[in-house]
1. Name the residue, out of 33, 91, that is in a helix (DSSP H, G or I), of a type in the set (Phe, Trp, Tyr) and either modelled with pLDDT under 80 or touching a helix residue (DSSP H, G or I) at 6+ places or on another chain (Cβ under 8 Å) (or both).
2. Condition first: under 19 Å from residue 35 (Cα atoms), out of contact with any His (no Cβ under 9 Å at 6 or more places or on another chain) and surrounded by 13 or more Cβ atoms within 10 Å (Cβ to Cβ). Can you find one or more residues in region 85-99 that meet it?
3. Would you check if residue 28 is crowded, with 16+ Cβ neighbours inside 10 Å, at pLDDT below 85 and either in a helix (DSSP H, G or I) or touching a Lys or Arg at 6+ places or on another chain (Cβ under 9 Å) (or both)?
4. Which condition number does residue 2 fail, the rest of (1) modelled with pLDDT of 70 or more; (2) in contact with a helix residue (DSSP H, G or I) (Cβ under 8 Å, 6 or more places away or on another chain) being met?
5. Identify all residues within region 36-62 that are touching a helix residue (DSSP H, G or I) at 6+ places or on another chain (Cβ under 9 Å), assigned to a helix (DSSP H, G or I) and not aliphatic (A, V, I, L, M); write none if there are none.
6. Just one of (1) exposed (fewer than 11 other Cβ atoms within 10 Å of the Cβ); (2) modelled with pLDDT of 85 or more; (3) among the β-branched types (Val, Ile, Thr) trips up residue 77, so point out which.
7. Would you be able to tell me the number of residues in region 41-71 that are of a type in the set (S, T, N, Q) and exposed (fewer than 13 other Cβ atoms within 10 Å of the Cβ)?
8. Considering every residue within region 30-53, establish whether at least one is more than 17 Å from residue 5 (Cβ to Cβ) and acidic (Asp, Glu).
Amino acid sequence: MLLALRRDARSIFFRSRGGTQVDLQLQLAITLYRLGHYGNACSIDAVADLFGVSVGAVVKSSRRVVKALVSLAPVHIRWSNAQRREHLSSYAASKFGFQGCIGATDGNTIPLAYQPALHS
């Protein structure tokens, strides 16, 4: 991913008019940390303190990385075609009881406050 960002999103991360910018790896780490946390842990001030950068660097880094990911999405993210989505939906319904499901998280669980009434 880092190589794709360096190669394909060069204009976002490397300034043509000079000036310094936070290292690309640090910008990516800042953004991934913020995206992977919630509440006070991902507040701009807390992230700035954790990574030893300014509040502005956190904001700009996050914006740059998201902008770069959006620009790379058409090339690097492939959506399933209708036939594949139908297969995934049938599999999820027959195996797990989830109707209309074509994907799931990467193994992370989402705690629920209450047990679901259907498919508990």
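1. Details: 91 fails: either modelled with pLDDT under 80 or touching a helix residue (DSSP H, G or I) at 6+ places or on another chain (Cβ under 8 Å) (or both).
One residue alone meets the criteria, 33.
2. Taking every residue of region 85-99 in turn, none turns out to be under 19 Å from residue 35 (Cα atoms), out of contact with any His (no Cβ under 9 Å at 6 or more places or on another chain) and surrounded by 13 or more Cβ atoms within 10 Å (Cβ to Cβ).
3. Considered against the rule, which asks whether it is crowded, with 16+ Cβ neighbours inside 10 Å, at pLDDT below 85 and either in a helix (DSSP H, G or I) or touching a Lys or Arg at 6+ places or on another chain (Cβ under 9 Å) (or both), residue 28 comes out as no.
4. Checking residue 2 against (1) modelled with pLDDT of 70 or more; (2) in contact with a helix residue (DSSP H, G or I) (Cβ under 8 Å, 6 or more places away or on another chain), the one that fails is (1).
5. Correct list: 40, 42, 45, 51, 56, 60, 61, 62.
6. (2)
7. Qualifying residue count for the region: 1.
8. yes
The values are calculated or read from the model by the stated rules, or taken from the named source; none is laboratory data. Since the model is a prediction, treat every value here as computed from it, not as a measurement. When we count neighbours, we look across all protein chains shown, and the Cβ atoms used for this are built from the backbone with ideal geometry, even at glycine.
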